[in-house]
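Below is one structure, written out as structure tokens, with a few remarks after it.
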Amino acid sequence: MSTSRIEHDFLGERALSDDVYYGIQTLRALENFRITGIPIRSEPLFVQALAYVKKGAALANKELGVLDPATADAIVAACDRVAAGEFDDQFLTDMIQGGAGTSVNMNANEVIANVALEALGHAKGAYQYCHPNNHVNCSQSTNDAYPTAFRIALNNKLVGYREALGALAEAFAAKGAEFHNVLKMGRTQLQDAVPMSMGDEFHAFATNLREELLRIDDSRRLISEINMGATAIGTGVNTPPGYAGLVTQHLRAVTGLDLSLAGDLIEATYDTGAYVQLSGVLKRTAVKLSKICNDLRLLSSGPRCGINEINLPALQPGSSIMPGKVNPVVPEVVNQTAFYVIGADLTVTMAAEAGQLQLNVMEPVISFALFTAISYLTNACDALREKCVVGITANAAHAAALVHNSIGIVTQLNPVLGYEASASIAKEALATGKSVHDIAVTERQLLTQAKWDEIFTFENLIRPVFMQ
């Protein structure tokens, strides 16, 4: 049978079950912020990062003589257990909350304090021995602890996303190699343009996404600058001399990340420009992914009344009323994911703009928007690769037939016959349904069959060489 304990803050007293490791301020947050229904434990990398921040602070405070070694060591050990995920179920504060993240910071402080108290042989809530504010939050404010943890978590979360995006790009590149010898018609403005290799088309998808890997790396460098030691507004109030540099040094060791201390802590405490930059990168990638998925849907359209140059894997029946219909469900879900990410970027933009004076209090919604955007894009990349791209096949004979029956191939005749003659051939072909070949070679005899064959080799169609 569980017992309860009484905790107090300056607003009064509340009872908590002794089963829980969080305290009174977390309890108040649970009562006040019922917004998303998504607790911070849903982002375990964020919980881990909060523990890293508290561990780094405890180590620095111990070294500077601000915390006694026994208390500091107990906090460090508690942080290690929290970072390992042992207490994720105690991090219940809603992802979006007022107070610039104070509730999240106190959730971490209270859990770590009570874990440390048990290790020291005391009951939960015996804060005279290890206090959430006095000891776990020593030399800190929410205004430097929360954004520092947020940036550490973002850095680590981007690693998995980068891997998923890179693997997707490689899958497109593999299809590019597989389809190297597949002739198809290129299109501009949804109209026949000039021939190309399907392999080049898929290789271009890979190149398009590989560019984004570099932008992720740039963003990770930006969010590696932290304001730890700034405390409330950047002046470093309540920190001992040398703390900011020392805690940053410890955090580099604890996290394995190349973190750096901001040069202007007052600016760094309110600035959210790095989040805007990262959000823009995510939006840019989302736009690219959505465009590629639009292309896949068009290229696979049909099967008999569309382009039908490629086949997407058949994953599920496509209609409750139309038998035999199979829809491009994975590209469709990636499209929808992209729309969400594009919308989340606007949320980040507005939240970054809404900060006033020495602090941006909207950082919780920024964290929610960025964490979800990264998670959803990671899942979308994995789904597109595993359930779509790797299983795409080419309808090579059909694609080549579309090329040879197309009026678009008349462009290849421009250097030989000139634009006016080529346009006349195209006009007649369009009006009569005759092929470009029959009009140019058989009827008008504007060039020989041998010259036609020279111009319309597979290699010259996909990698044209100028000839007259």
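Okay, residues lined up against (1) crowded, with 20+ Cβ neighbours inside 10 Å; (2) free of Cβ contacts under 8 Å to residues at least 60 places away in the same chain:
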| position | (1), (2) |
| --- | --- |
| LEU209 | yes, no |
| ASP218 | no, no |
| ARG221 | no, yes |
| ILE226 | yes, no |
| THR231 | yes, no |
| TYR243 | yes, no |
| THR255 | yes, no |
| GLU267 | no, yes |
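If you go through region 30-43 and keep only what is within 22 Å of ARG151 (Cβ to Cβ), assigned to a helix (DSSP H, G or I) and not polar (S, T, N, Q), you end up with ILE40, ARG41. With respect to (1) touching a His at 6+ places or on another chain (Cβ under 9 Å); (2) farther than 30 Å from VAL334 by Cα, the lone exception for PHE172 is condition (2). The set of residues from region 403-437 being in a helix (DSSP H, G or I), closer than 25 Å to GLU309 by Cβ and open to solvent by 70 Å² or more (accessible area, probe 1.4 Å) comprises HIS404, LEU430.
Taking region 85-125 as the range and being acidic (Asp, Glu) and under 22 Å from ILE6 (Cβ atoms) as the test, the residues that pass are GLU110, GLU118.
Residues are listed down the side, and each one gets a yes or a no for (1) touching a strand residue (DSSP E or B) at 6+ places or on another chain (Cβ under 8 Å); (2) free of Cβ contacts under 8 Å to residues at least 60 places away in the same chain:
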{"position": "ASP345", "(1), (2)": "no, no"}
{"position": "ALA352", "(1), (2)": "no, no"}
{"position": "PHE368", "(1), (2)": "no, no"}
{"position": "LYS387", "(1), (2)": "no, no"}
{"position": "GLY391", "(1), (2)": "no, no"}
{"position": "ALA399", "(1), (2)": "yes, no"}
{"position": "ILE407", "(1), (2)": "yes, no"}
{"position": "ALA431", "(1), (2)": "no, yes"}
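Checked against (1) within 14 Å of LEU59 (Cβ to Cβ); (2) touching a helix residue (DSSP H, G or I) at 6+ places or on another chain (Cβ under 7 Å), GLY242 passes all but a single condition, namely (2). Among the residues of region 15-44, those identified as over 24 Å from ILE366 (Cβ atoms) and hydroxyl-bearing (Ser, Thr, Tyr) are SER17, TYR21. When we screen LYS283, LYS291 for residues that are among the charged types (D, E, K, R) and either surrounded by 16 or more Cβ atoms within 10 Å (Cβ to Cβ) or in contact with an Asp or Glu (Cβ under 7 Å, 6 or more places away or on another chain) (or both), the only hit is LYS283. At least 1 residues being within 25 Å of SER260 (Cβ to Cβ) and open to solvent by 40 Å² or more (accessible area, probe 1.4 Å) is the threshold, and among the helices (runs of 4 or more DSSP H) wholly inside region 44-160 those reaching it are 44-63, 69-83. When region 438-468 is limited to residues that are of a type in the set (A, V, I, L, M) and open to solvent by 30 Å² or more (accessible area, probe 1.4 Å), the one that is nearest to PRO195 (Cα to Cα) turns out to be VAL465.
Within region 51-80, the only residue that satisfies the criterion of being among the hydrophobic types (A, V, I, L, M, F, W, C), under 16 Å from ASN133 (Cα atoms) and out of contact with any helix residue (DSSP H, G or I) (no Cβ under 7 Å at 6 or more places or on another chain) is VAL66. Any residue that is closer than 30 Å to GLU267 by Cβ, touching a residue at least 24 places away in the same chain (Cβ under 8 Å), open to solvent by 20 Å² or more (accessible area, probe 1.4 Å) and outside any loop (DSSP other than H, G, I, E, B) - is there at least one of those in region 167-175? Among the residues of region 167-175, not one is closer than 30 Å to GLU267 by Cβ, touching a residue at least 24 places away in the same chain (Cβ under 8 Å), open to solvent by 20 Å² or more (accessible area, probe 1.4 Å) and outside any loop (DSSP other than H, G, I, E, B), which makes the answer no. Residue check: GLY236 meets all listed conditions (1) out of contact with any Phe, Trp or Tyr (no Cβ under 9 Å at 6 or more places or on another chain); (2) not in a helix (DSSP H, G or I); (3) not hydrophobic (A, V, I, L, M, F, W, C) but one, namely (1).
The values are calculated or read from the model by the stated rules, or taken from the named source; none is laboratory data. Just so we're clear, the structure is a prediction, and the values are computed from it rather than from any experiment. We place every Cβ from the backbone using ideal geometry, glycine too, and count neighbours over all the protein chains shown. Accessible surface areas use protein heavy atoms only, side chains included; no ligands, DNA or RNA. Shrake-Rupley method; radii C 1.70, N 1.55, O 1.52, S 1.80 Å.
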